[in-house]
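One structure is given below, encoded as structure tokens.
The values are calculated or read from the model by the stated rules, or taken from the named source; none is laboratory data. Only a predicted model underlies this, so the values are computations on that prediction, with no experimental measurement involved. Note: ideal-geometry Cβ built from the backbone for every residue, glycine included; neighbour counts use all protein chains shown. For accessibility, only protein heavy atoms count, side chains too; no ligands or nucleic acids. Shrake-Rupley method; radii C 1.70, N 1.55, O 1.52, S 1.80 Å.
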Amino acid sequence: MLGLLLTSRARLMGGREGRFWLVGAAFAIGGTGIWTMHFIAMLGFSVTGSVIRYNVPLTAASALIAVVVVGMGLFLASYGGERLPFLLGGGILTGCGVASMHYLGMAAMNMSGHVSYDPVIVSLSVLIAIAAATVALWFTLRVSGALKIGAAALVMGVAVCGMHYTGMYSMSVLTHGDAGPIFGARAIDFLLPLIVGISVITVGLLLTIILSPSEKELRSEAEFRDRLRDRDEGAPPEVDLFGTPRR
């Protein structure tokens with residue numbers, strides 16, 4: 001919902017200011033939305049007979065990928081407007097990026113076992129990610145108003161969860177008999193930075209929206225500027241005391 005609110009403001013602002021709103025939307029949708037859902041669900045994953053540790057650099061890289069690919073998709077869709085090639089291109093780019101984020105996050109799990117994937121289910125999860133990303137980008141171009149944004153956010157949330165659990169269903173683990181040392185961070189070690197990071201980013205973006213002009217005020221200002229421009233274009237040119245047009 002926060003990401004859709006930010007993209008709605010980006011459409012109204014346009015230009016350079018609109019790009020800043022899109023950057024905020026990339027953090028909201030890609031970071032505090034998609035990646036946070038993915039990682040919290042990962043914390044609920046367990047393997048009987050083995051503990052799970054997380055590779056910190058790979059986990060951080062997966063978060064960065066989520067923000068970057070969502071940002072690229074938002075800028076591509078925003079640049080192309082509602083033209084289908086830009087929307088589909090942004091959806092494919094973002095969907096493949098989100099899927100790669102997901103499987104990179106799964107690769108960050110260290111455990112005493114052999115991990116394998118079902119290629120058919122993996123392909124299905126990638127298709128779900130592309131479809132979800134395309135629909136999400138379409139929402140960012142069209143949706144405004146609290147009720148519509150809430151409904152769109154619900155659809156996006158279900159789609160992201162569906163992609164995640166489809167990907168997790170493709171994973172099989174065959175545990176080893178002899179469990180050696182497993183390196184990496186524990187799941188609980190991520191909870192504090194995760195909660196703090198989500199809180200700081202979310203509160204910061206919410207304050208930005210609250211303290212900025214509302215959509216109604218922005219639309220009124222745009223209409224007022226249009227009326228001024230139309231009046232100036234229809235007014236006769238100004239002249240000086242000698243009848244010479246002023247520049």
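See the values below:
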item: Test: residue in region 141-149 that is modelled with pLDDT of 90 or more, of a type in the set (S, T, N, Q) and surrounded by 13 or more Cβ atoms within 10 Å (Cβ to Cβ); result: no
item: Count - residues of region 183-206 that are surrounded by fewer than 13 Cβ atoms within 10 Å (Cβ to Cβ) and either among the aromatic types (Phe, Trp, Tyr) or outside any helix (DSSP H, G or I) (or both); result: 2
item: Yes/no for GLY91 being part of a helix (DSSP H, G or I), open to solvent by less than 60 Å² (accessible area, probe 1.4 Å) and without any contact (Cβ under 8 Å) to a residue 40 or more places away in the chain; result: no
item: Residue among PHE39, PHE45 that is within 17 Å of the chain's Cα centre (by Cα) and of a type in the set (Phe, Trp, Tyr); result: PHE39
item: Tally of residues being outside any helix (DSSP H, G or I), in contact (Cβ under 8 Å) with a residue 60 or more places away in the chain and either touching a His at 6+ places or on another chain (Cβ under 6 Å) or over 17 Å from GLY49 (Cβ atoms) (or both) across region 144-182; result: 2
item: Unique match (being open to solvent by 40 Å² or more (accessible area, probe 1.4 Å) and among the hydrophobic types (A, V, I, L, M, F, W, C)) among VAL122, VAL51, VAL70; result: VAL51
item: Meets criteria (closer than 26 Å to GLY81 by Cβ, surrounded by 16 or more Cβ atoms within 10 Å (Cβ to Cβ) and modelled with pLDDT of 90 or more) for ILE130; result: yes
item: Residue match in region 78-85 (condition: open to solvent by less than 50 Å² (accessible area, probe 1.4 Å), at pLDDT below 90, assigned to a helix (DSSP H, G or I) and more than 18 Å from VAL160 (Cα to Cα)); result: yes
item: Residues of region 100-119 that turn out to be over 16 Å from the mean Cα position of the chain (by Cα) and open to solvent by 20 Å² or more (accessible area, probe 1.4 Å), as a count; result: 11
item: Within region 29-48, tally of residues that are open to solvent by 50 Å² or more (accessible area, probe 1.4 Å) and either of a type in the set (Phe, Trp, Tyr) or in a loop (DSSP other than H, G, I, E, B) (or both); result: 4
